[in-house]
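Take a look at the structure set out below.
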Amino acid sequence: MASCGGRLRYSIAAENIPAAPFALSDRYTSSVALLDLNQRREGARRIVMRPRVLVKEAVAGSWIGDDVEDVLKKGRRRRVIKCVPFEREAATVCNDGGVDRRAEVMVAAAITVVLGVGNRVLYKLALVPLKHYPFFLAQLATFGYVIVYFSILFMRCRVGKVTSAMLSLPKMPLVFVGLLEALAAAAGMSAAAILSGAAIPILSQSFLVWQLALSYIFLGRRYRLNQLFGCFLVAAGVIITVASGSGTGSLVKSELFWSILMIISFLFQAGDTVLKEMIFLNAAKILKGTTCDIFIVNSFGSAFQAAFIWFLLPFLSNLWGIPFSQLPSYIKDGAACFLNAGTMATKCDGAPLLPLLFVTVNMAYNISLLHLIKISSAVVSSLASTISVPVSVYLFTLPLPYHPVVSTLPSGFVAGAFILTVGVFIYTWTPTPDLSSSVVG
């Protein structure tokens, strides 16, 4: 970001200049970027920088043009270059092989969008055989995933991908991750039971606003005007796409209290994603050079979420119209329907294929989102998730297996999708800093 707080100093290093060590601040230990600058003479110089700001210190007479050897002989006074914006999520992060980190982020974001579309579509299809058991499907995702995630974590420990140092990281932040996810589920289910279907996607755009605010407060992140405007256009595009297909007055008829409660549920979700980003950043400082494996966050976060959900089960089951005393039999029938076995064999057409496809894609989507948070930021993961909304709306206008009812394309779909696309491009656009005018003294 274009902030001047927490300056970082570095020196120019060359093979034949022994007294030019790097002096890197320990305050920022994540998102290390290596920038190779080709000098006019033979022997490229490498500059190492870290967020948030870079300040060049060298006994130099010019920015890049002068040869380092000649500059050092001149013995001129040091020059300080003004702050240059640095974006964590859009930085060129190169390793020794020269791999551009932006490409990794773009590929991860594209995969997240594809999985997000599949997650939304397959959830709708999974509810065809499980139309009477949506609460079972929700609890399967809560409790069943804990077993799967810990199994994957165990295998990664066996092959050395997860070290004992990673496992010894503080677990209290992960307790709060589980708490926030449980509160988000409880508040969201309560509001969704009352609100209209058209209101929820529109209110969900508050998620992006909460993320911007929380990352500003807790991560000290500063956003350029084009990023804020791009996020606004993305949210506006989704609202236009969804709202144009609903009846007029759908939001006006919704209760104000439940709308506020739904917005609060998205606050909990945004806090969860920002907290996960903080966990990765703090782990990079503790582990010195590496960071926390995503399956540690997924496994322990899901375990603590399941623990909190367990205490909320009487409340949540009543929200779905299931008396708590009847919950065991409901879960038993839901499992039989999920497997298309027993007395449910003729009543759950499409199972177990559709539910299993949804569970698989949903798990991959959650892992992809967390990976994107790890290598970029919570806001970028939110943008990728948001883009999947209009694509899913379009896919439901096509004939799908087990979903004979084809929706009509909303009247504002094209305009909304165009605005959303423009917003993404505006957010990702990074102006080139004018280094020639950055010398101060």
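Here each label is just a point 7 Å from Cα along the line to Cβ, and for Thr163 and Ala138 those points are 4.1 nm apart. Rounded to the nearest whole Hz, the Karplus-based 3J(HN,Hα) values (6.51 cos²θ - 1.76 cosθ + 1.60, θ = phi - 60°) of region 257-266 follow the sequence 4, 6, 5, 5, 5, 5, 5, 5, 4, 6, with x at glycine and proline. Sorted largest first by accessible area at a 1.4 angstrom probe radius, with every protein chain in place, the residues Ser168, Ser385, Ser407, Ser392 fall in the order Ser168, Ser407, Ser385, Ser392.
For region 409-423, backbone phi angles converted through the Karplus equation (6.51, -1.76, 1.60; θ = phi - 60°) give residue-by-residue couplings of 5, x, 4, x, 5, 5, 5, x, 5, 5, 4, 4, 4, 4, x Hz, Gly and Pro being listed as x. Simple spin-label estimate for Ala103 and Thr397 gives 3.6 nm between the two label positions (7 Å along the Cα-to-Cβ direction from each Cα).
The label point for Ile194 and the one for Thr408, both projected 7 Å from the Cα toward the Cβ, are 3.1 nm apart.
Between the beta carbons of Arg224 and Leu287, assuming R0 = 41 Å, the FRET efficiency works out to 0.85 to the nearest 0.05. Around Val128, what is the net charge, scoring Lys/Arg as +1 and Asp/Glu as -1 over all other residues with Cβ under 15 Å from its Cβ? Net local charge, Val128 excluded: +3. Surface composition of region 362-422: carbon plus sulfur atoms contribute 75% of the solvent-accessible area (1.4 Å probe, protein chains only, all chains present). The phi-based Karplus calculation (6.51 cos²θ - 1.76 cosθ + 1.60; θ = phi - 60°) puts the 3J(HN,Hα) values of region 208-225 at 5, 5, 4, 5, 4, 5, 5, 5, 5, 6, 8, 9, x, 7, 10, 10, 6, 4 Hz, whole numbers, x for Gly and Pro.
The values are calculated or read from the model by the stated rules, or taken from the named source; none is laboratory data. Remember, it's a predicted structure, so these values are computed and weren't measured experimentally. When we count neighbours, we look across all protein chains shown, and the Cβ atoms used for this are built from the backbone with ideal geometry, even at glycine. Just the protein is used for accessible areas: all its heavy atoms, side chains included, with ligands, DNA and RNA removed. Shrake-Rupley method; radii C 1.70, N 1.55, O 1.52, S 1.80 Å.
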